[in-house]
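The values are calculated or read from the model by the stated rules, or taken from the named source; none is laboratory data. Just so we're clear, the structure is a prediction, and the values are computed from it rather than from any experiment. Heads up, the Cβs are rebuilt from the backbone with ideal geometry, glycines too, and the neighbour counts pull from every protein chain shown. To get the accessible areas, we keep the full protein, side chains included, count just its heavy atoms, and leave off ligands, DNA and RNA. Shrake-Rupley method; radii C 1.70, N 1.55, O 1.52, S 1.80 Å.
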Amino acid sequence: MAINWTEAQIEEIVASVMKSLTKEAPATKGEYDGAGYNGKKYIGVYTDMKDAIDAAESGYKAIRAMSLEQREKVIDIIRDLCRKEASTMASLGVSETKMGRVDHKTAKHMLVADKTPGTADIQAQVKTGDYGLTLTEMAPFGVVGSITPSTNPSETVICNSIGMIAAGNGVVFNPHPNAIATSNYAVDLINRASQLAGGPRVLVSSVVKPTLDTADIMYKDPRIRLLVCTGGPGVVKSVLSSGKKAIGAGAGNPPVIVDDTADIRKAGKDIIDGCTFDNNLPCIAEKEVFAFNSVATELIDAMKENGAYLINSEQASKLASIVLVEKTNPKTGIKSKIVNRDCVGRDAKVLLEKIGITVCDKIRCIICETDFNHDFVQHELMMPILPVVRVKDIDEAIDLAVKAEHGNRHTAHMHSKNIDNLTRFARAVETTIFVKNAPSYAGIGFGGEGHTTFTIAGPTGEGLTSAKSFTRKRRCVLSESFRII
Ligand code: NAD
């Protein structure tokens, strides 16, 4: 069905197209960059953040003018293009960020296309009584400023866009500096979908060179009514200190408990499948295992049968000195360890080569037995490296797993058939996602029930975000009428 614009709307859209055409950045020829690819420039990507916010504001006005059916038409085409271009975005993501795996990133885009809720997620509420009827509607915020990560760059842009557009918002993105071409490819895809649906040329926008300064302009612009941030602790803290309504989706360090009632063969396979998904980049992926001593050896064997390579403690120390680097805080002089960005999301084979071990392509994960204090347990590595800590019983398992999660309240996993143990751990760890007897990705709807998202907002409580997370409630009261009983 074609979108029927009024004359005034058409005039406004033409004016905004003319304005945006002159301000969008030209693409560099022959290669991917933040402004375009292969000589074709991205639509909706600006040199100046102020221009990007202007464009997102025009996009917001255009969305406000659309019916729900028209919004859903744009979203349908976004889903369609996301499926068709999944492998292109996956390859671009891997080549730009040097992280992750093309096959898994392709699957992540398919998941976003299939399981990100659209307008059906927005449900009004009604209360009737002696005084009439009160309607609560889920209204848009206006223009949303979204900060996106390098680990799921185009996935997050598309997933956020579907939810934010379904809710009736405009969006301006400040993508991760290490994933600009991939993130802005997704911005361009959304705008192509809008045009194909008969909507405006620029529905969502971004900048060619996102920096902390462009993020700051976004924070301070009064037209930005909601900030949504997907990333590590630094950036989540910065949006929460902005003085604006903010949704923060932050870091995790998901522990896995395996007790003596679990199906150990299945647990070994599920844990390796989850841990190696996109080379452990998803924030929900298994990061450390606490296994009952009585089943740990069998579990490690099951992991080895499923592509894990067991290293000894000396090799683990050597690897830790490479994948983590020491950083000194210039203000306090305090030293701490941070992950070596050159190792994040790399294949297990590549990481093993760094400590002089050559393996075949079947090896997809590095496992090692460690104690609780080992760096591999304490740091969110986002690499296919999985420490296994032996525990004597459920008390010790829960105690250590909760500590290893560091209070992020993000995600935890457990393999068990003992409902008391499962319940105790779920209660103690208080995470947004708790997956039982399955790979971690079941928690975001991949082989598990429920919708998907790549913005899991633990700190601010929205949980697995969807369109309704990007709305504000508005009440409309009709007194003494419309109660028909
Ligand atoms: P990151 O924290 O390095 O960057 C995220 C974004 O924030 C980038 O666009 C970056 O440029 C920007 N940024 C960083 N500091 C900033 C500041 N002070 N002000 C403004 N912008 C700032 O994230 P990353 O390495 O790409 O992603 C990995 C991290 O994100 C992990 O900790 C992971 O657990 C987390 N993550 C969480 C979710 C979730 O849904 N909860 C999803 C994906 C990633």
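The condition of being within 15 Å of the ligand (Cβ to nearest atom) and not basic (Lys, Arg) holds for only one of 154, 205, that being 154. May I ask you to verify whether residue 319 is away from the ligand (no atom under 16 Å from the Cβ), in the same structural domain as residue 275 (by TED's automatic domain parsing), in contact (Cβ under 8 Å) with a residue 12 or more places away in the chain and assigned to a helix (DSSP H, G or I)? So residue 319 fits the description; yes. Please count how many residues of region 434-445 are surrounded by 22 or more Cβ atoms within 10 Å (Cβ to Cβ) and within 16 Å of the ligand (Cβ to nearest atom). Total meeting the criteria: 5. Of the candidates 252, 268, the single residue that is within 16 Å of the ligand (Cβ to nearest atom), of a type in the set (Gly, Ala, Ser) and closer than 30 Å to residue 309 by Cα is 252. Inspection of region 290-299 identifies no residue that is near the ligand (Cβ under 9 Å from one of its atoms), open to solvent by less than 20 Å² (accessible area, probe 1.4 Å) and either in a loop (DSSP other than H, G, I, E, B) or farther than 21 Å from residue 466 by Cβ (or both). The strands (runs of 3 or more DSSP E) falling completely within region 333-433 that include 1 or more residues that are touching a helix residue (DSSP H, G or I) at 6+ places or on another chain (Cβ under 6 Å) and away from the ligand (no atom under 16 Å from the Cβ) map to 365-369, 385-391, 411-415.
For region 465-484, a residue qualifies if it is open to solvent by 80 Å² or more (accessible area, probe 1.4 Å) and in contact with an Asp or Glu (Cβ under 6 Å, 6 or more places away or on another chain), and the qualifying residues are 468, 474.
Among residues of region 113-125 that are within 26 Å of residue 89 (Cα to Cα), those with a Cβ under 8 angstrom from a residue that is polar (S, T, N, Q), sequence gap 6+ or separate chain, pair up as 114/452; 115/452; 116/452; 116/453; 116/466; 117/466.
For residue 375, indicate whether it is without any contact (Cβ under 8 Å) to a residue 24 or more places away in the chain and surrounded by fewer than 24 Cβ atoms within 10 Å (Cβ to Cβ).
So residue 375 does not fit the description; no.
Number of residues in region 216-230 that are within 15 Å of the ligand (Cβ to nearest atom) and either open to solvent by 10 Å² or more (accessible area, probe 1.4 Å) or in contact with a Cys (Cβ under 8 Å, 6 or more places away or on another chain) (or both) equals 5.
Among the listed residues 200, 210, identify the single one that is under 26 Å from residue 462 (Cβ atoms) and buried (at least 24 other Cβ atoms within 10 Å of the Cβ). Don't jump to the end; show me each part of the working.
On the way: 200 fails: under 26 Å from residue 462 (Cβ atoms).
Just one listed residue meets the conditions, 210.
Evaluated against (1) open to solvent by less than 10 Å² (accessible area, probe 1.4 Å); (2) in contact with a strand residue (DSSP E or B) (Cβ under 8 Å, 6 or more places away or on another chain), residue 138 falls short on exactly one condition, (1).
What number of residues within region 153-197 satisfy the criterion of being on the phi > 0 side of the Ramachandran plot and either at pLDDT below 95 or open to solvent by 10 Å² or more (accessible area, probe 1.4 Å) (or both)?
Looking only at region 153-197, we keep the residues that are on the phi > 0 side of the Ramachandran plot, and these are 168.
Right, trim to either at pLDDT below 95 or open to solvent by 10 Å² or more (accessible area, probe 1.4 Å) (or both) and you get none.
Qualifying residue count, region 153-197: 0.
In the condition set (1) open to solvent by 60 Å² or more (accessible area, probe 1.4 Å); (2) touching an Asp or Glu at 6+ places or on another chain (Cβ under 9 Å); (3) in a strand (DSSP E or B), residue 326 is compliant with all but (2). Candidates in region 232-241 are the residues that are more than 25 Å from residue 387 (Cα to Cα) and within 9 Å of the ligand (Cβ to nearest atom); of these, the one that is surrounded by the fewest Cβ atoms within 10 Å (Cβ to Cβ) is 234. Scanning region 460-485 for residues that are among the small types (Gly, Ala, Ser) and farther than 18 Å from residue 140 by Cα yields 461, 463, 479, 481. Go through region 52-78 and give me each residue that's touching a residue at least 60 places away in the same chain (Cβ under 8 Å), open to solvent by 30 Å² or more (accessible area, probe 1.4 Å) and either under 22 Å from residue 147 (Cα atoms) or among the aromatic types (Phe, Trp, Tyr) (or both). 57, 58, 60, 61 - these are the residues of region 52-78 that are touching a residue at least 60 places away in the same chain (Cβ under 8 Å), open to solvent by 30 Å² or more (accessible area, probe 1.4 Å) and either under 22 Å from residue 147 (Cα atoms) or among the aromatic types (Phe, Trp, Tyr) (or both).
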